[in-house]
1. For region 95-119, how many residues are out of contact with any Lys or Arg (no Cβ under 6 Å at 6 or more places or on another chain) and β-branched (Val, Ile, Thr)?
2. I'd like the residue in region 1-52 that is over 28 Å from residue 82 (Cβ atoms) and polar (S, T, N, Q) and, out of all such residues, is modelled with the highest pLDDT.
3. Only one of these is farther than 18 Å from residue 90 by Cβ, surrounded by fewer than 22 Cβ atoms within 10 Å (Cβ to Cβ), without any contact (Cβ under 8 Å) to a residue 60 or more places away in the chain and not hydroxyl-bearing (Ser, Thr, Tyr): 59, 7. Name it.
4. Select from region 30-45 the residues that are surrounded by 18 or more Cβ atoms within 10 Å (Cβ to Cβ) and without any contact (Cβ under 8 Å) to a residue 60 or more places away in the chain and write down the one among them that is farthest from residue 108 (Cα to Cα).
5. Can you pull out every residue in region 62-82 that is in contact (Cβ under 8 Å) with a residue 60 or more places away in the chain and touching a helix residue (DSSP H, G or I) at 6+ places or on another chain (Cβ under 8 Å)?
6. Name the helices (runs of 4 or more DSSP H) wholly within region 53-158 that hold at least 2 residues that are under 30 Å from residue 5 (Cβ atoms), under 15 Å from the mean Cα position of the chain (by Cα) and at pLDDT 95 or above?
7. Restricting the search to region 62-89, which residues are surrounded by fewer than 16 Cβ atoms within 10 Å (Cβ to Cβ), more than 14 Å from residue 23 (Cα to Cα) and small (Gly, Ala, Ser)?
Amino acid sequence: MLYANVDQRVLGYLGRALSLELTAVQQYSTQSRLVTIWGLTEPADKLRKEAQVEMGHADRIIARMLALGVAPSASQLRPVKLGNNLYELLVHNLNFEQELVRLYSDATHHCARNGDHDSRMFFEALLNEEQQHAQELLSWIEQLQQPSAQTTQMGVTF
C-alpha cells in the first residue's frame, strides 16, 4: 500500500503528529470533565471545544496518511496532565501546544527543503492553527492572572 516515493521523514512527522493530536483530545476532554466538577462551566465548554478541534486535526492527519498510502498508527498516547486549578491546566496545555508548534514547524521546514509542496502546505496549515491556539491559551492564562479573575475562574485548589 505504501507509495514508493513517500518521504519516510514525512511519515514520521505524520505519525508523531497523530500521537500528539490524539493525546491532546484525551487531555482536553479529561480536563473539561475535571473543570466541570469544579463548577467552571464556561472553561469546561472551551476545553471541550478544543478537544473537538484537536480531533479534527487527527482526522486530517489520518486522511493525509491514507492519501499517501499508509495505514495510520499513533504510536503511544501520553498521560493526561492535570493540575490543582484552571491556571495549572492551561500552563500544561500551553506547553503541549508549543510542542505541537515545534513539530509542525520542523515538518514544514523539512518539506520545504525537499520540495514537497503538498506536505509543506499540509503541515503549514496545522502549524498556523496551533500557533493561533497557543496564542489563545497564552491570552487566557494572562487573563487569569488578573486579580479579578483569580477568584472567579482559577478553580478549586486541592
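The values are calculated or read from the model by the stated rules, or taken from the named source; none is laboratory data. Given the structure is predicted, the values throughout are model-derived calculations rather than measurements. Don't worry about glycine lacking a Cβ; one is built from the backbone with ideal geometry, like all the others, and counts go over all protein chains shown.
1. 1
2. Restricting to residues being over 28 Å from residue 82 (Cβ atoms) and polar (S, T, N, Q), the top hit is 8.
3. Sole residue among the options that is farther than 18 Å from residue 90 by Cβ, surrounded by fewer than 22 Cβ atoms within 10 Å (Cβ to Cβ), without any contact (Cβ under 8 Å) to a residue 60 or more places away in the chain and not hydroxyl-bearing (Ser, Thr, Tyr): 59.
4. Filtering region 30-45 for residues that are surrounded by 18 or more Cβ atoms within 10 Å (Cβ to Cβ) and without any contact (Cβ under 8 Å) to a residue 60 or more places away in the chain, the one farthest from residue 108 (Cα to Cα) comes out as 34.
5. 68, 70, 71, 75, listed by residue number.
6. Where helices (runs of 4 or more DSSP H) fall fully within region 53-158 and carry at least 2 residues being under 30 Å from residue 5 (Cβ atoms), under 15 Å from the mean Cα position of the chain (by Cα) and at pLDDT 95 or above, they are 86-113, 117-144.
7. Result: 63, 67, 69, 71.
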